[in-house]
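The values are calculated or read from the model by the stated rules, or taken from the named source; none is laboratory data. Just so we're clear, the structure is a prediction, and the values are computed from it rather than from any experiment. FYI the Cβ positions are ideal-geometry reconstructions off the backbone, even for glycines, and counts take in every protein chain you see. Please note that ligands, DNA and RNA were not included when accessible areas were found on the heavy atoms of the full protein model with its side chains. Shrake-Rupley method; radii C 1.70, N 1.55, O 1.52, S 1.80 Å.
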Amino acid sequence: MTLEVKGLTVLASSGHAIVDDVSFTVPQGTIMGLVGESGSGKSTLALAILGFARAGARIAGGEVRIDDADVLALRGEALRKERGSTVAYIPQDPATALNPALSIGEQLLEVLPRGARSAQQIGKILDAVGLASDRKFLQRVPSELSGGQQQRIAIAMAIAPRPRVLVLDEPTTGLDVSTQALVLALIAELCAERNMAAVYISHDLAVVAQIAAEVTVLYGGTVVETGPTAAVLARPAHPYTRSLLRAVPSVAERTILRPIRGVAPGIDNRPPGCVFSDRCDFATDACRDGVPQLRQTGAGTAARCIRVQEVWDAPAPIVAVPPRLADGVDAPVALAVRDLNIRYGTTPVVFDVEFDLQRGSCLAVVGESGSGKTTLSRCLIGLHSEATGRMLLDGQALDGRSTRRSKDQRRRVQYVFQNPYASLHPRRTIRKSLRLAARTFGITRPSEVTAAIEDALTRVEIPLRLMDRYPNELSGGQRQRIAIARALLAQPEILICDEVTSALDVSVQASIVELLRKLLADGLAMVFVTHNLAVVRSIADDIIVLRSGRIVERGSADAVLDDPQDPYTRALLRDAIDLPRSGDIAPGTTTETRRAG
């Protein structure tokens, strides 16, 4: 049941390589992590393992062998039979894998082999993924399930035909820490019990460190480093791997995050020689003379770099960041919330919330999915008015409806949504979207509008030349920065950020976190909604922990994360995954011993 990929190449219709001569082996019962930024070719490679290429691309060469069979040599019905029965795929978004009109029971019956379609078999599959198999649950449709339940159903459908190889494309992105921990433990257990080989694709190095014995780092469509996970993380030999690790936040310590300078190249503008040379701090003229070979490093890994020793010898200091507000110093309160109770219709969902948000400080709101985090943040901005209690902006009452707030109050409190792909109008250029925002808040003279837009884009470090592009021409990180720039045009005093880094690469996440840190230093107050406790450690001054709509713990970020008092907070920290910094984690370490708590 070994998966062997040899020389796999996927070309775009233009002839440029999306994936270029990739090779690796995954033994049965083993999980290999595949990491890299957006645009590195991870998802294209994942689909190619199933013998599939998206429109505008084609598999131009190589082999994908599972035991003695070459998946790429199959065509038509023979290939379709191999998908599912031999190699299965789990997508990032379970909603795309599930039919919204069919019940869970019907969808599971569809994927089971004809001779095994029975209630008993469905029960066994659901039991394997930790879900109920009673009639009431089977009659549910996907919209009636939580994100974690949907992901488990997607896993159940993938393993039902008992495949020999499993390809998982970012299956835990967007899940809260508790659900993520359950899903990762489930994947590891299933691969071990069923002796499946698995390729786990992720931009989250901490997750890969927990679940994968081997890791392959992809950049610009090529493998730049590969080897045992512990060895690669302890002593990265390629500058790109080293840069990724420096961008990862830690649950244990508040540090400055270091994004990778520049942007990943497109398939049509990769630099000559080493594909990472134009972003590399170690690059010399020799790096551009030819494409480096993947070489053994002597540390049990292989890297596509001619300066491995220099990379190893270079110091990588971790710079700790002190809290912004010293103990005992009372900054002015920008937003006060008292006795806030929120409901949906007649159903109460958030209870007795109280907090003070000081100027220049960041309040993190954390908790599992369904804890009330987003409902609370939407209420603060005036998008959910079914609430009682008081909200005070600089001591003045803030109405629960945005439409009933004064124009100045709406200007002073701004919101950045989770999804950067839905935040901007797809048929407007960036210039037009920002111009509309500027005029909404009273900036009308053309010269003033232009100056305000340029100033906002400069603050979020977006080149002015991108103003005339449409959202689909930008990366996710660029879109999120522009969404923040649009909020800054209002010159707000409070910024509410709802999971703004949840779907971003570690380098892009690092750049957004450092941008927000600068805004806090300028005196902006921030409510930061997230499930990522490492990001919380990096940026938050204070934390409130929500469970089932109630605050179960509050305090300074360091106090709550270092010495949590409530059992629920302790459970969240146990489930949080932190990147090993010391390199003493051995391959095959269990998920329990690799968690941050």
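The table below gives the values:
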| quantity | calculated |
| --- | --- |
| Selected from 402, 350, 340, residue furthest toward positive end of dipole (the stretch 324-415; charges at beta carbon) | 402 |
| Relative packing of peptides 102-111, 243-252 - highest average C-beta neighbours within 10 Å first | 243-252, 102-111 |
| Whole-Hz couplings from phi, Karplus 6.51/-1.76/1.60, listed for the stretch 177-184; x for Gly and Pro | 4, 5, 5, 4, 4, 5, 5, 5 |
| Exceeding the 32 Å Cα-Cα cut-off - candidates 42/136; 407/518; 124/373; 6/124 | 42/136; 124/373; 6/124 |
| Global form of the stretch 480-519, assessed from the alpha-carbon gyration tensor, a/c cut-off 1.5 | prolate |
| Accessible surface of residue 313 - all protein chains present, 1.4 Å probe, nearest 10 Å² | 110 Å² |
| Computed over the stretch 98-168, Cα set: Rg, Dmax in Å | 11.2, 32 |
| Within the accessible area of the stretch 275-315 (1.4 Å probe), percent carbon and sulfur | 46 percent |
| Residue-normalised accessible area of the stretch 120-166, given per residue in Å² at a 1.4 Å probe | 46 Å² |
| Cα gyration tensor, the stretch 357-425 - rounded (a/c under 1.5), prolate or oblate | rounded |
| Pairwise label distance in nanometres, residue 470 with residue 336, each label 7 Å out on the Cα-Cβ vector | 4.9 nm |
| Kirkwood Rh, angstrom, the stretch 1-129 [1 / mean 1/r, Cα pairs] | 16.6 Å |
| Lys, Arg +1 and Asp, Glu -1 on Cβ, resulting dipole of the stretch 411-514 about Cα centre, debye, nearest 20 | 560 debye |
| Average accessible area per residue (Å²) across the stretch 174-320 - probe 1.4 Å, nucleic acids and ligands excluded | 37 Å² |
| Alpha-carbon centroid distance for the pair the stretch 417-466 / the stretch 10-47, whole angstrom | 36 Å |
| Two-decimal Rg to Rh for the chain - Kirkwood Rh, Cα set | 0.97 |
| Share of carbon and sulfur in the accessible heavy-atom surface of the stretch 1-87 [1.4 Å probe, %] | 48 percent |
| Carbon plus sulfur fraction of accessible area for the stretch 476-529, probe 1.4 Å, in percent | 44 percent |
| Additional length obtainable on full extension of the chain from residue 4 to residue 139, 0.36 nm per residue less Cα span | 44.6 nm |
| Residue 347-residue 459 pseudo-label distance in nm [points 7 Å out on the Cα-to-Cβ vector] | 3.9 nm |
| Bins of 5 Å from zero: percent of alpha-carbon pairs in the stretch 198-296 | 2, 12, 21, 24, 20, 14, 6, 2, 0 |
